[in-house]
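Worksheet: one structure, shown below.
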Amino acid sequence: MSSSGRAEGGKTPRVSAQPGHTRNEAIEEMIRVDHAGEYGAVRIYQGQLAVLRNLPHKRDLVAKLEHMAKDEEAHLARFNEIVNERGVRPTAFAPVWHVAGFALGAATALLGEKAAHACTAAVEEVIDEHYKSQVGRLDGMGDTEKPLRDTIEEFRLEEVRHRDEAIEAGAKEAPAYPLLSGAIKAACRLAIRISEKA
């Protein structure tokens, strides 16, 4: 394969999980789902902070969540730019993620500090897996997609840091942690599949 990512003979390789999708379609899927994911993450933190900011004894937790939220807002701002630069159609499910993200954040915050951390750990674990897969696919496309690949890898490392901080803060001590974590991960993976296609 040449550095442009095109196979010999000028044909574009299929790099999408969707049968028959071209390289450009695969990249659009990646950008659309990452944009949706960062939007959802911002809404999760907004939901958590809406609950926890009203509790004076949670100031340290609020400060940590605000720091993570700023990272997600920066990620979303960059994906907003990429969506516009590349002419990618955002997911049609943005209104759903707007409500669902906030609701997930608020619900886990209402369950307590450990549950809020469990939410962060579960979401970030799925994002780590997802971004890692995308980086591997982009590595196979040659140098033309290196800026996108590097952006995703940078964001992945920040998401991993969020996950590790949440685990260190007691995420696994949340009530019914395996059940809560598993449900959140399943919901995130479903949202990824939906956002890729629509």
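The values are calculated or read from the model by the stated rules, or taken from the named source; none is laboratory data. Owing to the predicted nature of the structure, the values given are computational and were not obtained by experimental measurement. These accessible areas exclude ligands, DNA and RNA; they are computed on the full protein's heavy atoms, side chains included. Shrake-Rupley method; radii C 1.70, N 1.55, O 1.52, S 1.80 Å.
At-a-glance table
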| quantity | calculated |
| --- | --- |
| Phi to ³J(HN,Hα) by Karplus 6.51 cos²θ - 1.76 cosθ + 1.60 over the stretch 187-198, Hz, x for Gly, Pro | 5, 5, 5, 5, 4, 4, 4, 5, 5, 4, 8, 9 |
| Convex hull of Cα atoms in the stretch 78-131, direction-averaged projection (nm²) | 4.6 nm² |
| 10 Å binning of all Cα-Cα separations within the stretch 44-87, expressed as whole percents from 0 upward | 27, 38, 21, 11, 2 |
| Of 36, 187, 174, the one that fluctuates the most in a GNM where the chain has Cα springs shorter than 10 Å | 187 |
| Volume per residue that the Cα convex hull of the stretch 153-198 spans, once the total is divided by residue count, Å³ | 71 Å³ |
| Translational diffusion coefficient (Stokes-Einstein; Kirkwood radius from C-alpha pairs) of the chain at 10 °C, 1.306 mPa s, in µm²/s | 91 µm²/s |
| Carbon plus sulfur fraction of accessible area for the chain, probe 1.4 Å, in percent | 56 percent |
| Highest-MSF residue in the chain out of 128, 60, 139 [GNM, Cα springs under 10 Å] | 60 |
| Helix axis angle, 23-52 relative to the chain longest principal axis, alpha carbon, degrees | 10 degrees |
| Lys pairs under 24 Å by Cα in the stretch 107-198, provided they are eight or more residues apart or on distinct chains | 9 |
| Per residue, in Å², the accessible surface of the chain once ligands and nucleic acids are set aside, probe 1.4 Å | 50 Å² |
